[in-house]
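The structure appears right after this line, and notes come after that.
The values are calculated or read from the model by the stated rules, or taken from the named source; none is laboratory data. Note that the structure is a prediction, hence the values are computed from the model and not measured. Using ideal geometry, Cβ is built from the backbone for each residue, glycine included, and neighbour counts are taken over all protein chains shown. For the accessible areas, the whole protein counts, side chains as well, though only heavy atoms, and no ligand, DNA or RNA atoms are used. Shrake-Rupley method; radii C 1.70, N 1.55, O 1.52, S 1.80 Å.
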Amino acid sequence: MLGFFLARQAGLDDPLRLRRAESTRRVLGLELNKDRDVERIHGSGVNTLDIEPVEARYMLSGGSDGVIVLYDLENSSRQPYYTCKAVCSVGRNHPDVHKYSVETVQWYPHDTGMFTSSSFDKTLKVWDTNTLQTADVFNFEETVYSHHMSPVATKHCLVAVGTRGPKVQLCDLKSGSCSHILQGHRQEILAVSWSPRCEYVLATASADSRVKLWDVRRASGCLITLDQHNGKKSQAVESANTAHNGKVNGLCFTSDGLHLLTVGTDNRMRLWNSSNGENTLELYSGSRDCNILAWVPSLYEPVPDDEEPTTKSQLNPAFEDAWSSSDEEG
């Protein structure tokens, strides 16, 4: 670390290298909390977790045994050492339990009265938290890998679902049916995520190495297919217009919706500008000795005096009506 300081002081190194090195060092030094534990209910691996956004008190977990558990994270005992207890669970004896592995659980974004779960048993289930009974069940022809509800939607109640098929399916909670599908991927959909900035923008990741951004209001649907080379010609033809050199099995937006983080089976993480689809090149792959990385974004990016600021025409058109002038001025 001293070498980074000396290089930065001498002006021989990019200051961002020091920030990345320090962030990685801190991540590698993280340890499990020794004061807090979670009651063990699952009989096998836990595939998915979600903490409700209203109070950040209750947590859902879904396991490869098909069981769903609801935990209370609050320390009611006020003791320094405590175990988060399970409030209730959808166990193997429950009549509506998933037959196979639960891949995704998610709280309803606006209150804790409802949550959703999807499974390898080709179903997406909507649960009433108070009764632990299913309010609705969506059945699919293919195995379900992922689903997501928009955290900011006020004009729709769509759940995006990724399955073993190449089509993204949108389920409407109001009508209880599949409203429409998004076509463009060539292989299974491994991850889906709604933008926290624009309620109509959806990101999808596929085994075809591609990540697409969609505006579900548009007939054409797809807005951008992310390109790891930023439009430049690649020596490898097969990697053209792809986000990763392998399956893309994870993605999520930053909390402000301005960037999209993706991870693939090529052992790389990439950060994208969600408005224009540009690969920011801020993230990199780890060596055999280091496979944990952290990215610390700059608070702002200086604009040269001779360069005009970004105009709306350069932005993804789906964001033009979602970004107010006050946002831009701030």
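Of all residues in the stretch 144-169, which are of a type in the set (S, T, N, Q) and either without any contact (Cβ under 8 Å) to a residue 40 or more places away in the chain or crowded, with 19+ Cβ neighbours inside 10 Å (or both)?
Narrowing the stretch 144-169 to residues of a type in the set (S, T, N, Q): 146, 150, 154, 163, 169.
Hits for the stretch 144-169 are SER146, SER150, THR163, GLN169.
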remark   = Only unsatisfied item for TRP272, checking (1) modelled with pLDDT under 90; (2) more than 25 Å from CYS157 (Cβ to Cβ); (3) among the aromatic types (Phe, Trp, Tyr), is (1)
query = Which one is nearest to LEU70 (Cα to Cα), of the residues in the stretch 12-34 that are part of a loop (DSSP other than H, G, I, E, B) and open to solvent by less than 60 Å² (accessible area, probe 1.4 Å)?
reply = GLY29
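Does at least one position in the stretch 76-91 carry a residue that is within 22 Å of the chain's Cα centre (by Cα) and open to solvent by 10 Å² or more (accessible area, probe 1.4 Å)? Talk me through it step by step, then tell me what you get.
First pass over the stretch 76-91, keeping only residues within 22 Å of the chain's Cα centre (by Cα): none.
Scanning the stretch 76-91 turns up no residue that is within 22 Å of the chain's Cα centre (by Cα) and open to solvent by 10 Å² or more (accessible area, probe 1.4 Å).
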Options SER179, SER206, SER220; residue that is open to solvent by less than 40 Å² (accessible area, probe 1.4 Å) and either hydroxyl-bearing (Ser, Thr, Tyr) or within 16 Å of HIS148 (Cβ to Cβ) (or both) = SER206
note = Reported set for the stretch 46-75 where residues are open to solvent by less than 70 Å² (accessible area, probe 1.4 Å), part of a loop (DSSP other than H, G, I, E, B) and either modelled with pLDDT under 90 or of a type outside the set (D, E, K, R) (or both) is ALA56, SER64, GLY66, VAL67, LEU73, ASN75
ask   = Any chance the stretch 161-173 includes a residue that's within 20 Å of GLY66 (Cβ to Cβ) and of a type in the set (A, V, I, L, M)?
value = yes
ask   = SER119: buried (at least 22 other Cβ atoms within 10 Å of the Cβ) and under 17 Å from the mean Cα position of the chain (by Cα), yes or no?
value = no
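Listed here are the residues, each with its yes/no results for (1) without any contact (Cβ under 8 Å) to a residue 24 or more places away in the chain; (2) more than 30 Å from HIS147 (Cα to Cα).
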| position | (1), (2) |
| --- | --- |
| ARG17 | yes, yes |
| LEU30 | yes, no |
| ALA56 | yes, no |
| SER64 | no, no |
| ARG78 | yes, yes |
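Quick one: would you say LEU124 is modelled with pLDDT under 95 and touching a Cys at 6+ places or on another chain (Cβ under 9 Å)?
Values: modelled with pLDDT under 95: no; touching a Cys at 6+ places or on another chain (Cβ under 9 Å): yes.
Spelling it out, it is not the case that LEU124 is modelled with pLDDT under 95 and touching a Cys at 6+ places or on another chain (Cβ under 9 Å).
When the residues of the stretch 85-129 are filtered to those that are of a type in the set (Val, Ile, Thr) and part of a loop (DSSP other than H, G, I, E, B), which remaining residue is nearest to THR143 (Cα to Cα)? Break it down into steps so the answer makes sense when it comes.
Step one: of the stretch 85-129, the residues of a type in the set (Val, Ile, Thr) are 87, 90, 97, 102, 104-105, 112, 116, 123, 126, 129.
Next, only the ones that are part of a loop (DSSP other than H, G, I, E, B) stay: 97, 112, 129.
Details: VAL97: 16, THR112: 27, THR129: 25 Å.
Out of the qualifying residues, it is VAL97.
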ask   = Scanning the stretch 35-45 for residues that are open to solvent by 80 Å² or more (accessible area, probe 1.4 Å) and of a type outside the set (Asp, Glu), which turns out nearest to LEU60 (Cα to Cα)?
value = ARG40
query = With ASP111, ASP136, ASP128 as the choices, which residue is touching a Gly at 6+ places or on another chain (Cβ under 9 Å) and either in contact (Cβ under 8 Å) with a residue 40 or more places away in the chain or crowded, with 17+ Cβ neighbours inside 10 Å (or both)?
reply = ASP136
task = Tell me which of these HIS42 doesn't satisfy, since it passes every other one: (1) more than 30 Å from SER146 (Cα to Cα); (2) out of contact with any Phe, Trp or Tyr (no Cβ under 9 Å at 6 or more places or on another chain); (3) not hydroxyl-bearing (Ser, Thr, Tyr).
result = (1)
